1. Pick from F:A130, F:A92: which is more than 10 Å from chain E (Cβ to nearest Cβ), touching a Ser or Thr at 6+ places or on another chain (Cβ under 7 Å) and crowded, with 24+ Cβ neighbours inside 10 Å?
2. I'm told C:F59 meets every condition in (1) buried (at least 18 other Cβ atoms within 10 Å of the Cβ); (2) out of contact with any Ser or Thr (no Cβ under 9 Å at 6 or more places or on another chain) except one. Can you identify the failing condition by its number?
3. Of the residues that sit in segment E:140-185 and are surrounded by fewer than 20 Cβ atoms within 10 Å (Cβ to Cβ), small (G, A, S) and touching a residue at least 12 places away in the same chain (Cβ under 8 Å), which one is farthest from A:A57 (Cα to Cα)?
4. Pick out the one residue from A:T19, A:T11 that is within 30 Å of B:M96 (Cβ to Cβ), among the β-branched types (V, I, T) and touching a strand residue (DSSP E or B) at 6+ places or on another chain (Cβ under 8 Å).
5. Among the residues of segment B:45-56, which ones are facing another protein chain (nearest Cβ under 10 Å), among the hydrophobic types (A, V, I, L, M, F, W, C) and surrounded by 22 or more Cβ atoms within 10 Å (Cβ to Cβ)?
6. Name the residues in segment E:18-46 that are part of a helix (DSSP H, G or I) and either touching a Gly at 6+ places or on another chain (Cβ under 6 Å) or closer than 20 Å to F:R131 by Cα (or both), would you?
7. Would you mind finding the one in E:E27, E:E18, E:E78 that is under 21 Å from E:A179 (Cα atoms), at pLDDT below 95 and of a type outside the set (S, T, N, Q)?
8. How about segment C:61-83: which of its residues are over 13 Å from B:D207 (Cα atoms) and hydroxyl-bearing (S, T, Y)?
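The values are calculated or read from the model by the stated rules, or taken from the named source; none is laboratory data. These numbers were taken from a predicted model, which means no experiment stands behind them. Ideal geometry is used to build each Cβ from the backbone, glycine not excepted, and the neighbour counts take in all protein chains shown.
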6 protein chains.
Amino acid sequence: MERALSARLRTVPTSTAETVLRALGVERFAINALRLLAGAEAIAGPARTLRFLPARADFVSPKGKLQRGLIDSLREGEILVIDALGTLDAAALGDMLAGRAKALGAAGVVVDGVVRDVAGLRAMGLTVHARGAYPTPSPGRLMPWECDVPIQCGGVLIFPGDYVIADLDGVVVVPAALAEEVARRGQAMNADDEISQRLLAEGRPLDQAYPLPPEAKAPPEAKAGA
Amino acid sequence: MERALSARLRTVPTSTAETVLRALGVERFAINALRLLAGAEAIAGPARTLRFLPARADFVSPKGKLQRGLIDSLREGEILVIDALGTLDAAALGDMLAGRAKALGAAGVVVDGVVRDVAGLRAMGLTVHARGAYPTPSPGRLMPWECDVPIQCGGVLIFPGDYVIADLDGVVVVPAALAEEVARRGQAMNADDEISQRLLAEGRPLDQAYPLPPEAKAPPEAKAGA
Amino acid sequence: MERALSARLRTVPTSTAETVLRALGVERFAINALRLLAGAEAIAGPARTLRFLPARADFVSPKGKLQRGLIDSLREGEILVIDALGTLDAAALGDMLAGRAKALGAAGVVVDGVVRDVAGLRAMGLTVHARGAYPTPSPGRLMPWECDVPIQCGGVLIFPGDYVIADLDGVVVVPAALAEEVARRGQAMNADDEISQRLLAEGRPLDQAYPLPPEAKAPPEAKAGA
Amino acid sequence: MERALSARLRTVPTSTAETVLRALGVERFAINALRLLAGAEAIAGPARTLRFLPARADFVSPKGKLQRGLIDSLREGEILVIDALGTLDAAALGDMLAGRAKALGAAGVVVDGVVRDVAGLRAMGLTVHARGAYPTPSPGRLMPWECDVPIQCGGVLIFPGDYVIADLDGVVVVPAALAEEVARRGQAMNADDEISQRLLAEGRPLDQAYPLPPEAKAPPEAKAGA
Amino acid sequence: MERALSARLRTVPTSTAETVLRALGVERFAINALRLLAGAEAIAGPARTLRFLPARADFVSPKGKLQRGLIDSLREGEILVIDALGTLDAAALGDMLAGRAKALGAAGVVVDGVVRDVAGLRAMGLTVHARGAYPTPSPGRLMPWECDVPIQCGGVLIFPGDYVIADLDGVVVVPAALAEEVARRGQAMNADDEISQRLLAEGRPLDQAYPLPPEAKAPPEAKAGA
Amino acid sequence: MERALSARLRTVPTSTAETVLRALGVERFAINALRLLAGAEAIAGPARTLRFLPARADFVSPKGKLQRGLIDSLREGEILVIDALGTLDAAALGDMLAGRAKALGAAGVVVDGVVRDVAGLRAMGLTVHARGAYPTPSPGRLMPWECDVPIQCGGVLIFPGDYVIADLDGVVVVPAALAEEVARRGQAMNADDEISQRLLAEGRPLDQAYPLPPEAKAPPEAKAGA
């Protein structure tokens, strides 16, 4: 069911998800300041989470392997969301860990920080949203601290199991309890939006095309099946 | 005539227009901080203008439909220039209004702010320069306030009817009264620049190729016909 | 030999060069804040350097032709590194000087500042890393001051003759005395990394693939020949 | 009455006004990014507004004297709010125009931009909130365009006649229709807050001091007379 | 003993503590981007920690009283260090919670974020370092999540019980295990630095005054007693 | 004569010097982004210059003592101008070098970067304009490279011997050849400005007070003697 839900959410643009979430009373769910560095223009899936803390030379962390363990445990379709504290000079992900995530079928990675090996990431086709790239890796500057806990990413709260939709407009967090509703309403809006775009392409003025007049709306079955 | 002038200006790179405008004594005409998000690498056309103000919950604007009306009134080849106050968390344009602008033949949109539905904008081929993308629309955060008046965009003054040239180097505002002269001199420079590039490609040192020695310059008819 | 070394370094990603340099005790060699605007995804070559100072109306520089002279003197495979003081509103390079550099076989240009004529730069295929683009040229705002001297670029010290590697992760300065060692160790790491990626693609967990267990490492001859 | 209202609002900290306004359903009224450069730690008064546009060498504005006329028309207790487009390199106010405003009894100036003559402003005691200081004046870079109209300042909508409260926490716009209510509730909160602070100073834990338990609240007459 | 140590560390400037920590092999301990908003020019004491997460309308936190409880538990001389995620539009501390902290004898508060009621904070004399001030409080935007755990603040790792020194140069985190050594060496350096300054004031050139020639150094007993 | 000229320039606000320099055709002379961290509200004097480059672990500079030598050579009334590359995490000056500069009678220091020991700088009364403070010193991050040569500071060109005026509005570079003229015209403007301020304080409207009507101007002897 999780995969079917992800597949439906992947057809919902973040701008549409935004409209639905706002109608449902949720605010502060759009992650800003990241860019699509590699992979697909649109992804959706349930979140796994990882949180870094800054490293300090006098402290040897007992959690050094936390990130590797988390990545080895990724399941198909999941999206790894990393709070790397917005750090710009220490890459929270490189092409080796990304290669493992890809092999396990992860749908993508969202990093509040930077990554490295962008050429490799593009070659393997893993979708990555991040603040940018930097050649230096994280050890010595950042240390993995916890995973599968609520974290912040780009100023947005995300729980493990929340859904993430990411496209060219940005990254949107969909609370798990609302994901089915966002998929349902979002796909209905997709059906209407398609009609609106067709009407606009035919030369209709805005008031006749968007929002759709009731009589022009897609029939319920089109929306259900979208 | 307006269309012919736009077509000629479209062949003039912003860097060349810059040189001409500076020679004509105009400064502060290059809009910074925007990026090409969708559409063609080079556009030119006369400007229509729209200005937003911040929204406030206690004020219901009587001008809610101003933006839609303006977009419904766009004519072929025009470029819509929007002062959205540099706002990064409220999209001043989405794919519906953009769809209407495209259907009417608008040449592009320049936004001092952000847009949404970048995937849709790319699909329809409308050229958009903006500060970036964000999934949240403007209502509740920005409200359309006036159109077809002088506005600021990216720190540059623009009057309705001024010409806009936009390419990969940025966006340049050409005052209406200078547009013919910019086209004329710009195309002449294009002809010379082409010769310079050919000479450079043949291995000439800079002093023999750029600026062009008088004897190497394009003949007047080549420049006129350029 | 210089060309052979450049060719080997071009196969070493900046992220790998980073790892080697750090192991060799060098820090502060990765240039941040630049983007690949035109050309090849990966370049490497020895640096030539140029430094600008701000222009001032009361001072007529005797060094006006310094930049042109430097560019006319570029040799095949060299990378021109420019300290344009991070200036965002005055282009330190345009398509004419770039055309000459290209004709002479320069491998690329790295600018702590902006360039113009990006469309032209892309057309000619010269690789350019810079902070961005702006249509206004440098005269009147910046003046060339010295060349072939140690400079800063993006907060990193670079001597003429140091090697530069630039790819999608950023720009790395390799001290001349370490370049052979970076090429040697970097290519060895490439050979191992390829095996790691293959193992990951086959579904191995991270601990069996990266870092490579000793028995899985590439044989010395593969590394030498890489 | 206006002066009495201003005097009451001046006793209401922006943080308290914020709480009241939010309770009244108004959002987006706190101006960010400005600093107190000169004058009193707390001011309040009705707003007069001025809006600049960027200057352009080819356009001679017929409105050159607009700013001077507006300042000559200021009345005692008013606060001049200026949209200078956030411009950092052109001062929207200097000590001459400020001297006139001071002589007329203006309560202060709030500038989305910079000012000059900070030493003079401090000497005359006019309260000024701005983004900073810069020695260059605005002519040639900015031109006054309209006054006594709705404007944006720091991303906030302000109408002429709205009240402004400015203190060390920032600048808050109080819609005219809500000013009496903000003064009333704000002063009541002041009375309670004073009691809370006394209780805290006496060593009470937070739950016994803030929010005030009902039985500790100031009597209505104390609040009315506050 | 803790109080005596704090008192000694308070005499050690952050710049001196920096020199000692670096000599001890610790890096990345200086918090940047904060300013002294209220209180004493120099403080030192053991850290208590608090971490916020972003709030989200669909999640009612069971930890709403965490921050109040932590502040009620502060002991004399402690410094509260808050990770408010660098948020600029939601105050992580106001004058009520600050009033309680002050009454309990806290030495100060360090916030990676903003505070409100700066006038009140100054009046009560609590020392506060933060990114700035904003009138809006945190509820609805940030929620307290954990306390007395390792956190990041301004990019620096801090454990509860580490010592904090804060002065006009910034905020430095001193690992608990090194605090005694930093106090010892720091006070010795203070004694020498005083002699250096006296020699400089007398007109000695740098090489005779700083670093101090061995024969001019303070006697061990002066250092011990400093 | 140099000291007399400095004394006269110290009475000329940067905003007035700006007006004179612009009238003399000089642009790009106002240094932005620095703040007054310690010392007097207004200083003026001839510049000595120092330029840093980034440090790199593989290069041991032969110029390690350059900065100390320069400071030991400062003469009374001089202002040390430092290009520290805008670096925010490495202090280009501390209280020891500052103490020597103070003892030699230097009028101040202007740093395109940060300093440390602000408390000490304030105590000794040396005037310092810089981007801010940071406890870490420059060795290992920056190295002194040249002195008494033309440098950039805050985007402005400055030659040794140019005059610097610094006050609460910022820092202005006065080319040496224009310093006498700036002093002369600036003091004349001071005399007129004083009259304007008196007229404004008496209640005159702007047009009767600023610019001064010819008949109200200060007599030539007042200006000469100003």
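1. Details: F:A130 fails: touching a Ser or Thr at 6+ places or on another chain (Cβ under 7 Å).
None of the others qualify; the one that does is F:A92.
2. So the condition that C:F59 fails would be (1).
3. Once the filter is applied, the top-ranked residue is E:G140.
4. Values: A:T11 fails: touching a strand residue (DSSP E or B) at 6+ places or on another chain (Cβ under 8 Å).
After applying the criteria, what remains is A:T19.
5. Residues satisfying the conditions are B:F52, B:L53.
6. Within segment E:18-46, the first condition is being part of a helix (DSSP H, G or I), and the residues that meet it are E:18-23.
If the condition is that a residue be part of a helix (DSSP H, G or I) and either touching a Gly at 6+ places or on another chain (Cβ under 6 Å) or closer than 20 Å to F:R131 by Cα (or both), then E:E18, E:V20 are the ones that fit.
7. Details: E:E18 fails: at pLDDT below 95; E:E78 fails: at pLDDT below 95.
Result of the check over E:E27, E:E18, E:E78: E:E27.
8. Listed by number, the list holds a single entry, C:S61.
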